[in-house]
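Below: one structure, written as structure tokens.
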Amino acid sequence: GNSVTQMEGPVTLSEEAFLTINCTYTATGYPSPFWYVQYPGEGLQLLLKATKADDKGSNKGFEATYRKETTSFHLEKGSVQVSDSAVYFCALNTGNQFYFGTGTSLTVIP
Amino acid sequence: GAVVSQHPSWVICKSGTSVKIECRSLDFQATTMFWYRQFPKQSLMLMATSNEGSKATYEQGVEKDKFLINHASLTLSTLTVTSAHPEDSSFYICSARKVETQYFGPGTRLLVL
């Protein structure tokens, strides 16, 4: 079946550190991967997405490249800020349904 | 843009009462909307898929008579929690589908006393 697996948290980093949150998936067909971010007490916001293999999504300094050969869509940021503290969800659109990872909590300390 | 709103943002009610939550797509039409439930520090649990003009599709284990969904227009879906009990207390999030992307509302926090 279809599923999304993402790195478990929580993750705690110092400001300006490098961030990687791993996300891999299993799916049939031609799925599209997404990253969503949830700030405390809020709904999910679309962070970035990719539509085809080798696409790189980017937004607010975050990047993720859709690697079909490794079925991955790892999230990266070169220098995190305190304001990046949130929960990050990897998601997959298979055309019929969205599948979400369990979420990774990130805390950035000054 | 693609903005989705929810109302109310939070609600406290007595056990046994019914609560209606509205989900609106403000700047686009959405034939499909989704309702999720999220427990503290957990991922989203899809409750149902709401299709405009037809009955909602409920996920396994979700009581359709308990969680009534109405998608009467292309910009509005409502979730009514009927005869709410304390175990229904949760964070309810809706989303609307635009092309191949889901856009989420800000969520509604429900507390049943």
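The values are calculated or read from the model by the stated rules, or taken from the named source; none is laboratory data. Keep in mind that what you see is a predicted model, and the values were worked out from it rather than measured. Using ideal geometry, Cβ is built from the backbone for each residue, glycine included, and neighbour counts are taken over all protein chains shown.
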- Query: Within segment B:67-90, is even one residue modelled with pLDDT of 90 or more and in contact with a helix residue (DSSP H, G or I) (Cβ under 8 Å, 6 or more places away or on another chain)?
  - Reply: yes
- Being hydroxyl-bearing (S, T, Y) and within 11 Å of chain A (Cβ to nearest Cβ) is the filter here, so list the residues in segment B:33-74 that pass it. B:Y36, B:S43, B:T49, B:T57
- Message: Please list, ordered by residue number, the strands (runs of 3 or more DSSP E) wholly in segment A:40-110 having 1 or more residues that are within 11 Å of chain B (Cβ to nearest Cβ).
- Response: A:44-49, A:86-93, A:98-100, A:104-109
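Could you please give the count of residues in segment A:95-110 that are within 16 Å of the chain's Cα centre (by Cα) and either small (G, A, S) or surrounded by fewer than 17 Cβ atoms within 10 Å (Cβ to Cβ) (or both)?
Filtering segment A:95-110 for residues within 16 Å of the chain's Cα centre (by Cα) gives A:98-107.
Subset that is either small (G, A, S) or surrounded by fewer than 17 Cβ atoms within 10 Å (Cβ to Cβ) (or both): A:101, A:103, A:105, A:107.
Selection size over segment A:95-110: 4.
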- Task: Would you mind telling me which numbered condition in (1) at pLDDT 90 or above; (2) of a type in the set (K, R); (3) on the phi > 0 side of the Ramachandran plot B:K41 fails?
- Result: (1)
- segment B:75-103 - residue that is surrounded by fewer than 19 Cβ atoms within 10 Å (Cβ to Cβ) and in contact (Cβ under 8 Å) with a residue 60 or more places away in the chain and, of those, nearest to the other protein chains (Cβ to nearest Cβ): B:T101
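When the residues of segment B:1-32 are filtered to those that are within 12 Å of chain A (Cβ to nearest Cβ) and not polar (S, T, N, Q), which remaining residue is farthest from A:G43 (Cα to Cα)? Full working, then the answer.
First, the residues of segment B:1-32 that are within 12 Å of chain A (Cβ to nearest Cβ): B:1-6, B:9-10, B:23, B:32.
Filter once more, keeping what is not polar (S, T, N, Q): B:1-4, B:10, B:23.
On the way: B:G1: 17, B:A2: 14, B:V3: 12, B:V4: 10, B:W10: 12, B:C23: 12 Å.
Looking at the filtered set, the residue picked out is B:G1.
Against the condition on the phi > 0 side of the Ramachandran plot and at pLDDT below 95, how does B:G61 come out, does it pass? Can you show your working first?
Numbers: on the phi > 0 side of the Ramachandran plot: yes; at pLDDT below 95: yes.
Yes.
Does B:F34 count as of a type in the set (F, W, Y) and within 13 Å of the chain's Cα centre (by Cα)?
It is true that B:F34 is of a type in the set (F, W, Y) and within 13 Å of the chain's Cα centre (by Cα).
Please find, within segment B:61-76, the residue that is farthest from B:A96 (Cα to Cα) out of those that are outside any strand (DSSP E or B) and in contact with a strand residue (DSSP E or B) (Cβ under 8 Å, 6 or more places away or on another chain). Steps first, please.
We begin by selecting, within segment B:61-76, every residue outside any strand (DSSP E or B); these are B:61-66, B:74-75.
Filter once more, so that each one left must be in contact with a strand residue (DSSP E or B) (Cβ under 8 Å, 6 or more places away or on another chain): B:62, B:64, B:66, B:74-75.
Working: B:V62: 20, B:K64: 20, B:K66: 22, B:L74: 10, B:T75: 9 Å.
Taking the candidates together, the pick is B:K66.
Keeping to segment B:31-60, report how many residues are in a loop (DSSP other than H, G, I, E, B) and polar (S, T, N, Q).
Just the residues of segment B:31-60 that are in a loop (DSSP other than H, G, I, E, B), to begin with: B:31, B:39-43, B:52-56, B:59-60.
From what is left, the residues that are polar (S, T, N, Q) are B:31, B:42-43, B:54, B:60.
Residues flagged as in a loop (DSSP other than H, G, I, E, B) and polar (S, T, N, Q) within segment B:31-60 amount to 5.
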- Matching residues, segment A:47-64, being surrounded by fewer than 18 Cβ atoms within 10 Å (Cβ to Cβ) and in contact (Cβ under 8 Å) with a residue 12 or more places away in the chain: A:T51, A:K52, A:A53, A:D54, A:N59, A:K60, A:G61, A:E63
- Task: Taking only segment B:1-16 into account, find how many residues are in a strand (DSSP E or B) and farther than 23 Å from B:Q29 by Cβ.
- Result: 4
- Where a residue in segment B:13-31 is among the acidic types (D, E) and its partner, wherever it lies, is part of a loop (DSSP other than H, G, I, E, B), with Cβ under 8 Å and at least six apart: B:D27/B:G1; B:D27/B:A2; B:D27/B:V3
- Mind checking whether some residue in segment A:21-36 is closer than 16 Å to A:L106 by Cβ and part of a loop (DSSP other than H, G, I, E, B)? yes
